[in-house]
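Since the structure comes first, as C-alpha cells, the remarks are kept for the end.
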Amino acid sequence: MLELVVIGSITEDLIVKPNRKEEQLIGGTPIYVAATAKALGKTVGIVSKVGTDFQVKHLKQIHNLEADLNGFQISGNTSMKFKNIYDLKGNRSQEILSSSEEITFEDIPMAYNSVPWIHLGPVFNEISIDIITKIRKKFDFISLDIQGLIRSTKGSSKKIIHKKLANFDEFLPKLNLLKVDDNELKNMTGNKKLSKAIDLVLNTGLEHLVITRAHNGATIYRKDECFEIPAFPTTIVDETGAGDTFITAYILEFLKTNDCQYAGLIAASTASFNISTLGSITNYTREDVINKIQSQYSEFQEK
C-alpha cells in the first residue's frame, strides 16, 4: 500500500560548474522523493508531467525508481528545464529554460484516494495554490515544499528570483506541514529576520514547520515544541535534493511513529547519504541510515 504521493514537475537540469564539463541530470522533487523512498524500502506515487522533448534515457531512470506512475503523464511540447550555475564557493544561481504543463487536482488518479499523505513539491509555479483546498477535502495529510511557489523571473530575464507570498496566511492553516529553508522562509514572508519570519508562519495556525539546512541539519516546530536536528558527518559532493530527501524520510517515519525527534534523525542521516553523491541515484539502504545514527548515538533504537 502506498503511504505517500508526491506532486510536482520532473525536471531536466543543466549543471554548470567551474572547470568541469556541463552535465544534464534528471531532477525535481518527485525524483528525489521516489529515490529516497526506494532506498528506505518504500514505494511512492508520482503525479507529474513532462513534455514530448523529455529524453528517453531519463524516462528509463524514472521507471528504475520503482515508483507508482499512475499519475505520470507525457503531455505538451516542453518539459521543465533549469540551468543551474555554480560558482567556486558552491553558490547556485538558476535560469528557467522551459516549463511543463500545469498539474491540476484532476490529474491525481482516483487510485490514490486512499493514500494518507500528499506532498506538494512544485519547482516553478506548475501547481496552483488553489489545489490545496481541493486536496484538503480528500486526503488526511498535506505537506508543501514552498520553493516553487516563490520562484519568479523579471521581465525577459530567465534568471530565477524569489518573491513574497502575499496570501500565505490564507493557505498555511490548510496544511499539515510546511517545508522550507531559511532563505525561502524569509522571502515568502518578506521579513529578513529569521525569527520574525518563523513567528509570522506559525502564527497563521500552521502546526508543523520543518526548516532544512542541508549539511547543517534542521529545525522542526510542531505545536508548542521545537526540535533541533543535527547533521551527520559526510563528504559533501552535491547538496541538490537534500531538502527533498530529508522531508521524504521525515514524512515516512513520522507517519509510522508520530515522533518528530526520531523522524528527524532518520531524515538527517538519510540526507547525509544524498549529499555525498551527485544526482538522485541512491547507493544506500535503510540499514546504512540506522547504522550511521547508532555510530553517533549508541542509545538510538529503531522503531
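Side notes on the structure shown:
- Residues (hydroxyl-bearing (Ser, Thr, Tyr) and over 21 Å from Phe254 (Cβ atoms)) located in region 173-211: Thr189, Ser195
- Verdict on Lys256 being closer than 19 Å to Lys38 by Cβ and of a type in the set (Lys, Arg): yes
- Residues in region 88-108 that are modelled with pLDDT of 95 or more and exposed (fewer than 14 other Cβ atoms within 10 Å of the Cβ): 1 in all.
- Look at (1) touching a strand residue (DSSP E or B) at 6+ places or on another chain (Cβ under 8 Å); (2) within 15 Å of Glu126 (Cβ to Cβ) and you find that Thr104 fails only one, number (1).
- Residue in region 241-258 that is at positive phi and within 19 Å of the chain's Cα centre (by Cα) present: yes
- Elements of type strands (runs of 3 or more DSSP E) in region 77-180, at least 1 residues being within 24 Å of Phe246 (Cα to Cα) and of a type in the set (Gly, Ala, Ser): 92-98, 141-145
- Matching option when the condition is surrounded by 13 or more Cβ atoms within 10 Å (Cβ to Cβ), under 29 Å from Lys17 (Cβ atoms) and modelled with pLDDT under 95, among Ile46, Ile85, Ile62: Ile85
- For region 183-195, the criterion of being of a type in the set (Asp, Glu) and in contact (Cβ under 8 Å) with a residue 40 or more places away in the chain is satisfied by no residue at all.
- Per-region count, region 273-292, residues buried (at least 20 other Cβ atoms within 10 Å of the Cβ) and either at pLDDT 95 or above or in contact with a Leu (Cβ under 7 Å, 6 or more places away or on another chain) (or both): 3
One line per residue, one yes/no per condition, for (1) touching a His at 6+ places or on another chain (Cβ under 6 Å); (2) small (Gly, Ala, Ser); (3) more than 26 Å from Ile26 (Cβ to Cβ):
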| residue | (1), (2), (3) |
| --- | --- |
| Leu120 | no, no, no |
| Glu126 | no, no, no |
| Ile129 | no, no, yes |
| Ser143 | yes, yes, no |
| Lys154 | no, no, yes |
| Lys158 | no, no, no |
| Leu175 | no, no, yes |
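- Residue within region 215-222 that is over 27 Å from Glu22 (Cα atoms), in contact with a His (Cβ under 8 Å, 6 or more places away or on another chain) and charged (D, E, K, R) present: yes
- Verdict on Lys49 being of a type outside the set (Val, Ile, Thr) and touching a strand residue (DSSP E or B) at 6+ places or on another chain (Cβ under 7 Å): yes
- Qualifying position, being among the hydrophobic types (A, V, I, L, M, F, W, C), surrounded by 15 or more Cβ atoms within 10 Å (Cβ to Cβ) and at pLDDT 95 or above, among Leu25, Leu40: Leu40
The values are calculated or read from the model by the stated rules, or taken from the named source; none is laboratory data. Just so you know, these numbers come straight off a predicted model, no measurement behind them. Here Cβ is always computed from backbone atoms with ideal geometry, including for glycine, and neighbour counts include all displayed protein chains.
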